[in-house]
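*Asks:* To start, I am sharing the structure in question, which I have written as structure tokens.
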Amino acid sequence: MRALITGASSGIGREMAKLLAARGYELTLCARREDRLRELAAELPTVCHVVAADVADEKECRLLYEAARGDDLEVVINNAGFGLFGEFAGTDLDEELRMIDVNIRAVHILTKLAVRDFAARGRGYVLNVASSAGFLPGPLMATYYASKNYVLRLTEAVREELRRAGSPVRVCALCPGPVDTEFNKVAGVRFSLAGLNAGRVAREALDGLFAGKAVVVPGAAMKAMTFARHFASDSLLARITYHFQHKKNGR
């Protein structure tokens, strides 16, 4: 059995690779930084295939899946993603379009290709890394929040289609809050809340995926937030989110 992980060079993706290797999975590891992937592969007690690719590029995304696909491919984890802090009118358009390509297009492509193969075969798991941001409007990180809304809702919709078809294929969305990873540096923010340990988040995510959960929200604080949002209007949620976002330090 084999698993494909994008964004595997650091953070949650790296921790998932360790956990899946311990479960006996052969791994296809993808990220842009080949040196980091090879370092990880050398540490893991399993066969690893390193694919240095930029999933923002549709062609590379398709080639990645072709390299990973096969009857033994059982798990696809769409973990690659990044954020950008700032007012919408002032953030860089090209950087936002690249974010949409990574956070949305790549996830869409790899999810569709995997679900088609897994549904035809009658088994398989897809884990899409969304965010607690996927439940909210996100002033000061508008594009990032919107991208994670897309990932969450896409995953939930595909899951329902598979359920109605009686398919054993499982798809799951991981929706963590702040996590101690390189995300903060790339996005240009510093969270006011303490981040969860990436290893803990990865473990909860995989446990939830294999248990057939639809959505995994690690941490009591984020679970409470996702519950409390049902009692507030979208306009109020936008104001509250802005308040917390404003506490972050941009570049």
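The values are calculated or read from the model by the stated rules, or taken from the named source; none is laboratory data. These figures come from a predicted structure and were not determined experimentally. Virtual Cβ from ideal backbone geometry, glycine too; neighbours counted across all protein chains shown. Side chains are part of the model used for accessible areas, which takes the heavy atoms of the whole protein and leaves out ligands, DNA and RNA. Shrake-Rupley method; radii C 1.70, N 1.55, O 1.52, S 1.80 Å.
*Asks:* Whole number in Å², please: accessible area per residue of the chain, 1.4 Å probe, ligands, DNA and RNA not counted.
*Replies:* That works out to 47 Å² for each residue.
*Asks:* Relative to the longest principal Cα axis of the chain, at what angle does helix 234-245 sit, 0 to 90 degrees, rounded to 10?
*Replies:* 90 degrees
*Asks:* Now, a different point. Please report, in debye to the nearest 20, how large the charge dipole of segment 59-121 is about its Cα centre when each Lys and Arg carries +1 at its beta carbon and each Asp and Glu carries -1 there.
*Replies:* 340 debye
*Asks:* Cβ under 15 Å from V55's Cβ, V55 left aside: what net charge do those residues give with Lys, Arg +1 and Asp, Glu -1?
*Replies:* Overall, the nearby charge balance is 0.
*Asks:* Given a 1.4 angstrom probe, I'd like the percentage of the accessible area of the chain that is carbon and sulfur, rounded to a whole number.
*Replies:* The value for the chain is 53 percent carbon and sulfur by accessible area.
*Asks:* Could I ask something else about it? Taking only DSSP H segments of four or more residues, each worth -39500 (n - 2.57), what value at 222 nm results for the chain once the sum is divided by all its residues, to the nearest 500 deg cm²/dmol?
*Replies:* -14500 deg cm²/dmol
*Asks:* Also, quick follow-up: Could you please put Y145, Y65 in sequence from largest to smallest accessible area, using a 1.4 Å probe?
*Replies:* Largest to smallest exposure gives the sequence Y145, Y65.
*Asks:* So how do S167, S235 rank on accessible area, 1.4 Å probe, biggest first, that is with the largest at the start?
*Replies:* Ranked from most to least accessible, the order is S235, S167.
*Asks:* What's the angle, to the nearest 10 degrees (0 to 90), between helix 142-164's Cα axis and the longest principal axis of the chain?
*Replies:* In the chain, helix 142-164 runs at an angle near 50 degrees to the longest axis.
*Asks:* Is there a quick way to get the dipole size of segment 1-74? I mean about its Cα centre, with the Cβ of Lys and Arg at +1 and of Asp and Glu at -1; what is the value in debye to the nearest 20?
*Replies:* So the dipole magnitude of segment 1-74 works out to roughly 160 debye.
*Asks:* Using the Karplus curve 6.51 cos²θ - 1.76 cosθ + 1.60 with θ = phi - 60°, what ³J(HN,Hα) values do you get for each residue of segment 207-213, in whole Hz, with x for Gly and Pro?
*Replies:* 4, x, 4, 6, 7, x, 6
*Asks:* Report the charge-dipole magnitude of the chain in Debye, nearest 20, computed about the Cα centre from +1 at each Lys and Arg Cβ and -1 at each Asp and Glu Cβ.
*Replies:* That gives the chain a dipole magnitude of about 700 debye.
*Asks:* Considering only protein heavy atoms, what is the solvent-accessible area of C30 at a probe of 1.4 Å, reported in Å² to the nearest 10?
*Replies:* For C30, the solvent-accessible surface is approximately 0 Å².
*Asks:* Quick one: Debye curve from the alpha-carbon atoms of the chain only, equal weights, vacuum; give me log10 I(q)/I(0) at q = 0.09, 0.12, 0.14 Å⁻¹ to two decimals.
*Replies:* Debye intensities relative to I(0), on a log10 scale: -0.36, -0.66, -0.91.
*Asks:* What is the chain's relative contact order, in percent, from Cα pairs under 8 angstrom and six or more apart in sequence?
*Replies:* 19 percent
*Asks:* Can you list the HN-Hα couplings for segment 12-29, worked out from phi with the Karplus curve (6.51, -1.76, 1.60; θ = phi - 60°), rounded to whole Hz and with x for Gly and Pro?
*Replies:* 4, x, 4, 5, 5, 4, 5, 5, 5, 4, 5, 7, x, 7, 7, 10, 10, 9
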